[in-house]
Amino acid sequence: MTTTESRATGRKPAQIVDMSWDPITRIIGNLGIYTKIDFANREVVECHSTSSLFRGYSVFMKGKDPRDAGFITSRICGICGDNHTTCSNYAQQMAYGVKPPKLAEHITNLGEAAEYIFDHTIFQDNLVFVDFCEAMVKATNPGVLARAERTDAPRGDVHGYRTVADIMKAFNPFEGEVYKEALKVSRITREMFCLMEGRHVHPSTMYPGGVGTMPQPNTFTDYLSRLMRVIDFIKKAVAMNDDVFDFFYEALPGYEEVGKRRVLLGCWGAFQNPDVVDYRYATMNEWGRAMYVTPGVIVDGELVTNNLIDINLGLRIMLGSSFYEDWVNEQPFVTHDPLGNPVDMRHPWNQTTVPVPQKRDFDGNYSWVMSPRWYHPQTGEHLALDTGGGPLARLWSTALSGLVDTPYVKATDGGIRITLPKGEKLPETTLEWRIPKWSNTLERDRARPYFIAYAAAMALQFLEEAMGMLKSGDTKVFENFEVPDEAIGCGFHEAVRGVLSHHLVIRDKKIANYHPYPPTPWNASPRDLHGTPGPYEDAVQGQPIFEENGPDDFKGVDIMRTVRSFDPCLPCGVHMYMGKGKTLTTVHSPTYGANHG
Amino acid sequence: MTTQSGTTEAKASNGFDEITILWISEGMSCDGDTVSLTAAGQPSIEDVVLGLIPGLPKVNLVNKVLSPSLGGEDFLAPYRAAARGELEPFILVIEGSIPNQNIIEGDGYWTSFGNDPDTGEPQTLNSWIDQLAPRAWAVVAAGTCATFGGIHAMAGNPTGCMGLADYLGWEFKSRSGLPVVNVPGCPIQPENFMETLVWVLQHAAGTAPPPPLDHMLRPQWLFGKTVHEGCDRAAYYEQADFAKDYNSPKCQVKVGCWGPVVNCNVPKRGWMAGVGGCPNVGGICIGCTMPSFPDAFMPFMDEPPGGTLSTLLVKPYGAVVRRLRGLTNDMVNHEPKWRHNKRRLTSGYDPHWRA
């Protein structure tokens, strides 16, 4: 299932070395990456991704008051807790049949926009870019650094750095100018978040039915003034990233193969359109398509669907290499959706989570993560969709659908146009992201600063609309509701690093079943019952190695760049990590790996 | 707490010039405490690590997220050295709740931190704590999961998890003689945590006495008052003026706020740089700093059980106060009568008042 074509010609006898990175630094959660690397042919021949943490949200939420779900599920993630709260509220609003006031939707959108700007910035500039900084490139590809020193940065007029190496220096941990500025920006943008949602990470003002945030002119002015303070930083970030990634393709021919997968992207949509959304299941396709980030499943570059109902019905949670009991023989909670379509036993509405702690066995079960897949109705495949680290799938899906048309953001033919206003130093700027040729490491990373710009631009629109409502006296932010005796609901949203869904079943006014599916299970999943590897495994497995170091001083930077390009659920990092693996065994095996995949 | 300006009394004790912080976030956590920590500006974690705060020892921070190491065994090296007794002194910080490994039949684990070098299998968090806590100069629990168990320890949880003091025993003392230092919050309020850490570090340097802790081992100066006592909606309570839903700027006790009985300073301090918070900005207090969180506070959006009685009792008093204040408010909303354009000064001016 590895999708990178094998480089069959001119192969040398394999020299396989087991290398592992566990714990991986600069990430949230307990992720381990275990690989077999063929140093003779300089490629990764096998990869297993494992997670060693179980907490049991879907277990202990049973029997609780459904209104508590947003407060509880926020605690799933210490960096995108608000995305969970928001998604939970979307699911609850469907179950309760309540539509929050429009102003509440604007406030929620503004909170989420601030979250995207904050989180993508700190992740890209303080973690991802460390893998591309001067110190790291020097330690892994000294020839490339020498070339960067001789290469003028094409967009120097925007970001102010003369050569590509100057940009890389600005990303050095601690000393680098951009590195330090990014930390400051991450604090300003978190303040913007707190103005809308009270607290970061776990918001305090978000409720099913709306928000408790007091809408006053200064609520929005305080946000706007902070946003304008970071708008030039965003323009510069896009330019710097483009310069560095373009340079990598040029300096290391074949780098497009690093982290390349078949285009299998999922996006569940973000930023509700307050004029259209009513949270009814029956109309979900309409209001889903009206979102300001359009949902979609993309296979081999084609849009399979942007209907949230199709997306919902295609969800499958598979086992195969995970530490759980199967639930196929349990009674289903939901046999049909509200439109009468059959719901699969492997759908989150029907899942039962029974943990079975056991030994880690790479030939058997090796992870606490399950394997979410999307069932393609036309081909019958269970697709290991990835999220492209979030932004790649969001931009790709929005561009292919061509539905977003706003004053600041417009889906164009094959791309997205984003206009940011004049800032302190830089003029009004229009950026254009184009659908790339590959779904690979560099394009996942490149999409990220463009989405920061996207979120900032959308925030301007939400601010204008919210201010307009407020000034006309419309200040309602919460709508009351009753919890029904029996109901089901689903919420679709985008956590910063990709797709997020919450599925809820209510019986006797209590939670009978609740399953949140954040992006990391999609991306970090182990091999499923069909043997299909998860996206990290698939992207790393088969990728070429460009690092010049041999097995003894190998840092694994190309592998780490790939894993990080997916934005594994990470908090802030302030230091450099160079992922030197421990050599477990050295095996010389001319046949091993030749038939792999 | 006693503080004497300029005293050198505490400094007389033998302090350390250098100390290592071994931070393990592999408890059952969301890592939200680490993320919160990076929001702190008073002081920031960079300030502490770079030596910008006077009176602290040199700090070597070893945190998975913030580590300059090479990862894997290179990253784990200081932890292994500390477990062997070869790295002293160190402060052990635990983030996340501690699972009960004893309920697992056979092999397996709820959470691990690196691999056991002998077996190659995941090394449990519990085994790390067993090895490190007895050797630690101080032990700090970051966030409500580590202090009291928190959200993952709620009723119906499958992991039997608990707070660090439950695991080590509430009578546990680290080598400095300090019990576990608990900084609750889900997540920690950024400055609350950094301030506590700085005090512990000053104590390690011999420049400060031990931080004063309450009976639940929380810093007294941070958790000694209630949310209500610092809330800018508290005056509405006093006047028995209660929000009926979340559209209102008034006191939220009747829509689920537990502020009157929760120990926390967030409404007063704000969330970061004074911005944000909970009831002060329209969020009900769900008691996330408390030992009984979350179970005792659920369902969160309902009025707390004691709320009905106390809001009933305050009603007649509050109504009278509100009426009287309304009259006074009306009065102070009028300009004094001497502000006019007549040919006579009526302000009470007396040029000879000194005489």
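The table for this structure:
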quantity: Sum of side-chain charges, A:Asn350 neighbourhood, beta-carbon under 9 Å (Lys, Arg +1; Asp, Glu -1); calculated: -1
quantity: Dipole axis of chain B (+1 Lys, Arg; -1 Asp, Glu on Cβ), positive-most option in B:Cys251, B:Pro211, B:Ala155; calculated: B:Cys251
quantity: Chain B - mean residue ellipticity at 222 nm from DSSP helices (-39,500 (n - 2.57) per run, n ≥ 4, rounded to 500); calculated: -8000 deg cm²/dmol
quantity: Local electrostatic count at B:Asn60 - Lys and Arg +1, Asp and Glu -1, tallied over other residues with Cβ under 13 Å; calculated: -2
quantity: GNM top mover of B:Tyr79, B:Tyr167, B:Tyr317 - chain B, alpha-carbon springs below 10 Å; calculated: B:Tyr317
quantity: Derived scalar couplings ³J(HN,Hα) [segment B:42-49; Karplus, 6.51 cos²θ - 1.76 cosθ + 1.60; whole Hz; x for Gly, Pro]; calculated: 10, x, 8, 5, 4, 4, 5, 5
quantity: GNM result for chain B, Cα springs below 10 Å: residue of B:Pro54, B:Pro99, B:Pro211 fluctuating most strongly; calculated: B:Pro54
quantity: Calculated FRET efficiency for the pair B:Trp221/A:Asp278, C-beta based, R₀ 56 Å, to 0.05; calculated: 0.70
quantity: Hypothetical label at B:Arg323: residues of segment B:228-245 whose amide nitrogen lies under 18 Å (7 Å Cα-Cβ projection); calculated: B:238-242
quantity: Semi-axis lengths (Å, descending) of the ellipsoid that matches the C-alpha gyration tensor of segment B:204-249; calculated: 37, 10, 9
quantity: Cα pair distances exceeding 20 angstrom across segment A:85-186, given as percent; calculated: 55
quantity: Axial C-alpha extent at least 20 Å, average Kyte-Doolittle at least -0.5 - helices from chain A (DSSP); calculated: A:102-126, A:177-197, A:217-251, A:441-471
quantity: Global form of segment A:226-332, assessed from the alpha-carbon gyration tensor, a/c cut-off 1.5; calculated: oblate
quantity: Percent of C-alpha pairs per 5 Å bin, segment A:15-167, short to long; calculated: 2, 7, 9, 12, 13, 12, 11, 11, 9, 7, 5, 2, 0
quantity: Peptide-level mean, for B:265-276, of C-beta atoms on other protein chains within 10 Å; calculated: 5
quantity: Cα gyration tensor category, rounded, prolate or oblate, for segment B:50-178 with a/c compared to 1.5; calculated: oblate
quantity: Mean shadow area of segment A:482-559, taken as a quarter of the surface of its Cα convex hull (nm²); calculated: 8.4
quantity: Degrees separating the helix B:72-83 axis from the principal Cα axis of chain B, which is the longest one; calculated: 90
quantity: Exposure rank, largest accessible area first [B:Arg84, A:Arg150, A:Arg67; 1.4 Å]; calculated: A:Arg150, B:Arg84, A:Arg67
quantity: In sequence order, calculated HN-Hα J values of segment B:84-89 (Karplus, 6.51, -1.76, 1.60; Hz; x Gly/Pro); calculated: 7, x, 9, 10, 9, x
quantity: Largest to smallest accessible area among A:Ser472, B:Ser176, B:Ser36 [probe 1.4 Å]; calculated: A:Ser472, B:Ser176, B:Ser36
quantity: Set of lysines with alpha-carbon distance to A:Lys184 below 23 Å, sequence-local pairs under 8 removed; calculated: A:Lys169, A:Lys235, A:Lys236, A:Lys422, A:Lys425, B:Lys64
quantity: Nearby lysines by direct alpha-carbon distance to B:Lys244 (threshold 17 angstrom, same-chain neighbours under 8 apart not counted); calculated: A:Lys476, B:Lys254, B:Lys315
quantity: Accessible area in the full protein assembly, largest first, 1.4 Å probe, for B:Lys244, A:Lys99, A:Lys236, B:Lys225; calculated: B:Lys244, B:Lys225, A:Lys99, A:Lys236
quantity: P(r) tail fraction, segment A:384-431 - alpha-carbon pairs more than 15 Å apart, %; calculated: 53
quantity: Rounded to the nearest 20 debye, dipole of the protein assembly as shown from Cβ charges on Lys, Arg, Asp, Glu; calculated: 2820
quantity: Peptide ranges A:199-210, B:16-27 listed from the most packed, as the mean C-beta count within 10 angstrom indicates; calculated: A:199-210, B:16-27
quantity: Segment A:279-382 - convex hull of the alpha-carbon atoms, volume per residue in Å³; calculated: 143
quantity: Principal-axis tilt of helix B:305-332 within chain B, Cα atoms, nearest 10 degrees; calculated: 40
quantity: Cut-off 15 Å between beta-carbons: net charge of the residues surrounding A:Leu470, Lys and Arg +1, Asp and Glu -1; calculated: -2
quantity: Cα gyration tensor, the protein assembly as shown - rounded (a/c under 1.5), prolate or oblate; calculated: rounded
quantity: Computed [θ] at 222 nm, deg cm²/dmol, chain A (DSSP H ≥ 4; -39,500 (n - 2.57); rounded to nearest 500); calculated: -11000 deg cm²/dmol
quantity: For chain B, alpha-carbon Rg over 2.2 N^0.38 Å; calculated: 1.26
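The values are calculated or read from the model by the stated rules, or taken from the named source; none is laboratory data. Only a predicted model underlies this, so the values are computations on that prediction, with no experimental measurement involved. All Cβ positions, even for glycine, are placed from backbone atoms using ideal geometry, and neighbour counts span all protein chains on display. Accessible surface is based on the protein model in full, side chains and every heavy atom, while ligands, DNA and RNA are left aside. Shrake-Rupley method; radii C 1.70, N 1.55, O 1.52, S 1.80 Å.
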